[in-house]
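The values are calculated or read from the model by the stated rules, or taken from the named source; none is laboratory data. A quick note: this is a predicted structure, and the numbers were derived from the prediction, not measured. Note: ideal-geometry Cβ built from the backbone for every residue, glycine included; neighbour counts use all protein chains shown.
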Amino acid sequence: MEQLVKRINGMIHLKAYNRQRDDLFFITVEKSQLELVLSHLKNNEGFTHLAFLQAVDFLEDSKFQLTYMLYNYDIRVNLGVKVLIARDKAEMTSIHKLWAHAWQYQRELHELFGINFPGSPRVEESFVLEGWEEMPPMRRDFDTKEYSERTFYQRPGRSTNDPKEYMKEKMYKNYAASPRIRRDDE
Amino acid sequence: MSNLSESKYRGYEADRSKYPRMENGKPVIDLESHMYTKLWQGPQHPGVTGNMAVELIVNGDEIVDAKTHMGYLHRAFEKLMERRRYIQCFPLVCRICVPEPDTNEYCVSAAMEDLAGIQVPERALWLRTLNLEMSRIGSYLMWLGGQAGSLGMGAIGQWTIGMRDFWLDLFEEMTGGRVYHMYMIPGGVRKTLPEGFRDRARELIVTTRKLLYDVENTFLSNAIIKSRLQGLGVISPEMVDEYGIVGPNARASGMEHDIRINNPYVKYGELDVKMLTSTVGDAYARAELRYRDLHQSLDLVTEILNRIPQDGPIQADMPNLLNWKIPAGQTYVKAESTRGEHGFYMVSDGSDKPRRVFARGASYTHAISVLEELAVNISISDLAGLMVSLHTCPPEIER
Amino acid sequence: MNRKHIDEIEKQMKLANEGLPEEERKFFADVIPTRVDPFNKYWEQFLNWARSRSLWMLAFGTGCGSTELRPLMTSRFDMARFGIFPRPTPRQASVFVVGGYASIKTIKRIIRSYEQMQGPKYVIALGSCTINGGMYYDSYNTINRLDYYIPVDVYIAGCMPRPEALIAGFNRLKEKIVAGECEGMNEYTDKFDWFKKNQKEIIKDWNMPDYNW
Amino acid sequence: MSIWTKVLYAFVSVSVATVYGLTLSGIVRKLYARVHGRFGPPVWQPFLDIIQTYSRRVAVSHGNMFFLGPVFRLAGGLGTYLFIPVIFGSALFSNFSMAGDLLLVMYFVFFGQLGMALGAGQGGHPYSPLGIARGLSQMSAFEVPFSLAVIAVAIQYNSLNITSIVAAQQGGFMHWTLLTNPLAVIAAMISMLGMNMHAPFSIVLAPQEIPIGPPVEMNSSFLSLLQTNRGLFAAAKLVLFMNLFFGGATTLVEMILKTFFIYMFSVFVGAAYPRFRPEQSFRFFLKWPAFIGVLSIIYITYLGGAS
């Protein structure tokens, strides 16, 4: 795996590399070099299986992180390729030519995160939503609870408790004395 | 059982030579010409697995073009989990896939343990293995009924789903829940096995094998079943990588990949899991492979029952789960469900709620890209059989 | 057809299609269903008795609660012995079992199927998520109260309710039918505007294929 | 006998046949349930279903032909039944049997399906025409062996009158067509599998494929008519088979016993088999059963049969 990272690093600039488990590694690459890296990994290094492509919203840094999770059947290792892209007017190159099912993920990301993938087939089609008028719902600044309260009728009588306080009061009378629960990490 | 099915290799590019015009790799269909009919199957259709819709263009009985429509079961689990504390995620995740909820529970708890660096005790690992393998049996039994039912053989469905109910009874003894168990929590499992559980489970395994003997005789050896399933929906080995096909669907096409063997999790490394493959890749090969896998699961449960340690802790020493903060990090944990690779990608930012959880369901590609490819050129009477033979599960697609 | 009749129909159409763009009006059920009262008290009692013993359930698994319908149909619990059968088309069904949470895309089809059913029709709502949203109370895509969109006769609480609970729910429905309390069809007619208002509030895109089932 | 007495008798006979056919379908449901390992619905469930469908307050119609569809179907059932002598020698159950009624019955057996095609087509639902296309194709397919068998029987007894065919078979089971011309019976029984539309020939209703075929738009009282016809028509077909091949019946009990066992053949096959693909089903009928039917004619004309 170290050699693989060296090989890739010789090819392009690798921004970060970390090892999560024996069979799970992450690398971070530049947005412009992603397609190059992915096709290299697929064609030359044997990472032929694209497990998923997903986005994480880092609202604070106003960035989206895209993760392409690849798998190599020979050395049995998962490799996550991470890319950071700008959050407003998010756009990314499409990889539908590399994997025949990638367009599905791109369609989903287009709908739920508002990331555009120019050229990807059927990317404008709706995936799970229908007649949606708000901002893409999986973005961090979309408040689903507020939307739900505004749109759907609430049945009166539903109460919400802070789970910690509630369980302390009602269920764990001897909360402090319980051996299973350590106080120090509160 | 030997490989009974024989069918000719067919490339995964659908044969559209009969149809007049192609533009950009898609047939141009003129509904006004009265040569084609648009036909919706689903969401309200008994032959469609779960709650999804397939928009078909048919010429006579033959499907010319297929398009799937998803989202009827979208509950926004991933969004909701961003609002829940880590332990509050557990009631949600098991609802992602209804026939086989335990894989979700395992993946989420393992992802949390991986991020927080928690070691799960030995006995809890064995109990998890038992739970996972039992849920595979339940799911396979349900699938077997669906596959027979989709070809008009109601009796098999009645038998196997009735038998699955007895497995659900075992789950109820073990976990307290019938369909949704919430058995695995971070750091271990909730409960130990009740008294007499092993004997009842062994008895049930014997009964299930008896039933499977009947099923083999009536279903898998049936000439009509063979004539309908052989050659239906052939997945070629090239297609496996291209479409990200996993699990029994890939193994039936000759891909030797089973996460239980290749990346062993819980206690599968110590168990004797055999790689079951076939080289034919049609619906009958898949059915046969799943049937053999079901037998293997029964073997495994027997072995696990013998090897579970009688005593020992079932939970690691955990911090207070109610405001448990997991250090920042990202991980991906996967497990072999009956449909294939079922994985959870979890991103933590150091707070008491996950930043992002993504569930990678195995049928994500099977039910959309692969189905749209395989459905072309088959008769509408085979569509239900094809969908079941891909073992699609819509709730894990749209989550 | 006289002038007055046409005016009446036009008035009805205006009512129901209100607030929809022009191209979507044709997708929308635009005529208020007619209210049909029972014909004769004793005759109706006899018919109710027969209806309660032959419940045809629409086989539309709308949510995860429909997983428990399968054990209910099969040999362990066997609902056929109570006279309950699945029917594949809404035209022939009389009971609609809404299996759990209804996402916006599904509730559109639920309403469509409900309107296609021939009265008297009954609705059993299954699971906590149809009562008050259950654990999806804060989800942006699932409704919280089903009775704002279609009239509900029996709720079965639980997530998900066991087959025994479903049988109990069906028995409660039977009691209600025999007692003549299940007039959901007429309730839908009487409060049609209110139901439609609620439905339009959440369903923004009314486009649907002609026969979507 | 005056015509009015005959009409009265026919009315009684039709009622008995309908009740019998519906009860039979209740029993069959129960049998299927037993195969599935269930209790199953009560035997009188079909009657409750008819009352229930009839008692719907609303009935959506799609036009005039839509009304006529179920009516034609019922006319087909009635027509089939009314020209078959149910019980040999009984005035009450002889219906309108006359010379050449076999041809009329053969026509009426397939009349209902055609009428249904007109009605269901107007429903506008795409599954209706698909189901009709399947139904009519399968009908044409199983008609071949069935017609050949009937021709063989007509040649054998030198008559087109069902009453005289039954009369020729009287005097012990050695005279039944079953033993005198077994090839024709085999061809006819196989085509009966298709006629009764149990698996593997259940391609017309096929709930997993085209739910549920032609009657997909039929509701309320339309459906109620169709169900009534299903009971009557099942009884009529069974009685026809009993008369042609199994020696007819001289008492009601004999009729019930014989038809029950004839029907069980179809049910047992249906409970144990999955469904054919439509084209497999058509090909099936046109291969061996048709060949056996031709053989039976050759057997009876050139070899003289056993009679």
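Among the residues of the range C:95-120 satisfying the criterion of being at the interface with another protein chain (Cβ under 7 Å from one of its Cβ atoms) and either under 10 Å from the mean Cα position of the chain (by Cα) or part of a strand (DSSP E or B) (or both), which is nearest to D:Phe222 (Cα to Cα)? Among residues in the range C:95-120 that are at the interface with another protein chain (Cβ under 7 Å from one of its Cβ atoms) and either under 10 Å from the mean Cα position of the chain (by Cα) or part of a strand (DSSP E or B) (or both), the one nearest to D:Phe222 (Cα to Cα) is C:Ser113. In the set (1) part of a helix (DSSP H, G or I); (2) within 22 Å of C:Lys204 (Cβ to Cβ), the condition left unmet by A:Phe127 is number (1). Could you tell me whether the range D:61-71 includes any residue that is among the aromatic types (Phe, Trp, Tyr) and within 14 Å of chain C (Cβ to nearest Cβ)? Yes, the conditions are met somewhere in the range D:61-71. Whether any residue in the range C:85-103 is among the hydroxyl-bearing types (Ser, Thr, Tyr), touching a residue at least 60 places away in the same chain (Cβ under 8 Å) and under 28 Å from D:Lys30 (Cα atoms) is what I want to check. Within the range C:85-103, one or more residues are among the hydroxyl-bearing types (Ser, Thr, Tyr), touching a residue at least 60 places away in the same chain (Cβ under 8 Å) and under 28 Å from D:Lys30 (Cα atoms).
The residues of the range D:141-170 that are small (Gly, Ala, Ser) and assigned to a helix (DSSP H, G or I), listed by number, are D:Ala141, D:Ser147, D:Ala149, D:Ala152, D:Ala154, D:Ser164, D:Ala167, D:Ala168. All of A:Thr67, A:Thr93 fail the test of being surrounded by 14 or more Cβ atoms within 10 Å (Cβ to Cβ), within 18 Å of B:Tyr332 (Cβ to Cβ) and among the β-branched types (Val, Ile, Thr), apart from A:Thr67.
Does C:Gly158 count as free of Cβ contacts under 8 Å to residues at least 60 places away in the same chain and out of contact with any Lys or Arg (no Cβ under 9 Å at 6 or more places or on another chain)? Spelling it out, C:Gly158 is indeed free of Cβ contacts under 8 Å to residues at least 60 places away in the same chain and out of contact with any Lys or Arg (no Cβ under 9 Å at 6 or more places or on another chain). Quick check, is C:Ala125 free of Cβ contacts under 8 Å to residues at least 40 places away in the same chain and away from chain A (no Cβ under 14 Å)? Criteria not met by C:Ala125.
A quick yes/no check of all residues on (1) among the small types (Gly, Ala, Ser); (2) modelled with pLDDT under 85; (3) more than 23 Å from the chain's Cα centre (by Cα):
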| site | (1), (2), (3) |
| --- | --- |
| A:Ala90 | yes, yes, no |
| A:His96 | no, yes, no |
| A:His110 | no, no, no |
| A:Phe117 | no, no, no |
| A:Val123 | no, yes, no |
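Within the range B:150-160, count every residue that is in contact (Cβ under 8 Å) with a residue 40 or more places away in the chain and not in a loop (DSSP other than H, G, I, E, B). Residues meeting the conditions: 5. The residues in the range D:89-100 that are crowded, with 22+ Cβ neighbours inside 10 Å and either hydrophobic (A, V, I, L, M, F, W, C) or within 16 Å of the chain's Cα centre (by Cα) (or both) can be counted, and the count is 1. So, B:Asn262, is that one modelled with pLDDT under 90, of a type outside the set (Ser, Thr, Tyr) and in contact with a Lys or Arg (Cβ under 7 Å, 6 or more places away or on another chain) or not? The answer is yes for B:Asn262.
Here D:Gly76 does not qualify as part of a loop (DSSP other than H, G, I, E, B) and either touching a residue at least 60 places away in the same chain (Cβ under 8 Å) or farther than 23 Å from D:Gly21 by Cα (or both). When we screen A:Ile95, A:Ile8 for residues that are more than 10 Å from every other protein chain (Cβ to nearest Cβ), in contact with a helix residue (DSSP H, G or I) (Cβ under 7 Å, 6 or more places away or on another chain), without any contact (Cβ under 8 Å) to a residue 40 or more places away in the chain and not in a strand (DSSP E or B), the only hit is A:Ile8. Looking at the range C:43-90, which of the residues that are at the interface with chain D (Cβ under 9 Å from one of its Cβ atoms), closer than 25 Å to B:Met52 by Cβ and polar (S, T, N, Q) is surrounded by the most Cβ atoms within 10 Å (Cβ to Cβ)? Result: C:Thr89. Tell me whether the range A:64-83 contains one or more residues that are touching a helix residue (DSSP H, G or I) at 6+ places or on another chain (Cβ under 8 Å) and within 30 Å of B:Pro43 (Cβ to Cβ). Looking for residues that are touching a helix residue (DSSP H, G or I) at 6+ places or on another chain (Cβ under 8 Å) and within 30 Å of B:Pro43 (Cβ to Cβ), one finds none in the range A:64-83, hence no.
Where residues in the range D:262-276 are among the aliphatic types (A, V, I, L, M) and within 12 Å of chain B (Cβ to nearest Cβ), which of them is surrounded by the fewest Cβ atoms within 10 Å (Cβ to Cβ)? Step by step, filter the range D:262-276, then rank; the result is D:Ala272. Give the residue that is nearest to the other protein chains (Cβ to nearest Cβ), with candidates limited to residues of the range A:120-140 that are surrounded by 18 or more Cβ atoms within 10 Å (Cβ to Cβ) and closer than 23 Å to A:Leu98 by Cα. So, considering only residues that are surrounded by 18 or more Cβ atoms within 10 Å (Cβ to Cβ) and closer than 23 Å to A:Leu98 by Cα, the one nearest to the other protein chains (Cβ to nearest Cβ) is A:Phe127. Considering the conditions (1) away from every other protein chain (no Cβ under 13 Å); (2) out of contact with any strand residue (DSSP E or B) (no Cβ under 6 Å at 6 or more places or on another chain); (3) not β-branched (Val, Ile, Thr), B:Leu141 is excluded by exactly one of them, (1).
Taking the range D:212-225 as the range and being part of a loop (DSSP other than H, G, I, E, B) and buried (at least 24 other Cβ atoms within 10 Å of the Cβ) as the test, the residues that pass are D:Gly213, D:Met218, D:Asn219. So, of the residues in the range D:24-60 that are among the hydroxyl-bearing types (Ser, Thr, Tyr) and touching a residue at least 40 places away in the same chain (Cβ under 8 Å), which turns out to be farthest from the other protein chains (Cβ to nearest Cβ)? Top of the filtered list is D:Ser25. Checking A:Ala51, A:Ala100 one by one, the residue that is modelled with pLDDT of 85 or more and either outside any loop (DSSP other than H, G, I, E, B) or small (Gly, Ala, Ser) (or both) is A:Ala51 and no other. Residue selection: B:Gly47 satisfies the criterion of being small (Gly, Ala, Ser) and touching a helix residue (DSSP H, G or I) at 6+ places or on another chain (Cβ under 7 Å).
Residues checked against (1) within 13 Å of chain A (Cβ to nearest Cβ); (2) modelled with pLDDT of 85 or more; (3) assigned to a helix (DSSP H, G or I); (4) under 30 Å from D:Arg277 (Cβ atoms):
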| site | (1), (2), (3), (4) |
| --- | --- |
| B:His342 | yes, yes, no, no |
| B:Val347 | yes, yes, no, no |
| B:Lys353 | yes, yes, no, no |
| B:Val357 | yes, yes, no, no |
| B:Ala367 | yes, no, yes, yes |
| B:Leu371 | yes, yes, yes, yes |
| B:Asn377 | no, no, no, yes |
| B:Ala384 | no, yes, yes, yes |
| B:Cys393 | no, no, no, yes |
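Scanning the range B:306-332 for residues that are hydrophobic (A, V, I, L, M, F, W, C) and under 18 Å from B:Ile87 (Cβ atoms) turns up B:Ile314, B:Ala316, B:Met318, B:Leu321, B:Leu322, B:Trp324, B:Ile326. Sort out which residues of the range D:244-259 are in a helix (DSSP H, G or I) and farther than 15 Å from D:Met189 by Cβ, and write them in order of number. Within the range D:244-259, D:Leu252, D:Val253, D:Glu254, D:Met255, D:Ile256, D:Leu257 meet the criteria.
Of note, B:Pro194 does not satisfy the criterion of being buried (at least 17 other Cβ atoms within 10 Å of the Cβ) and away from every other protein chain (no Cβ under 14 Å).
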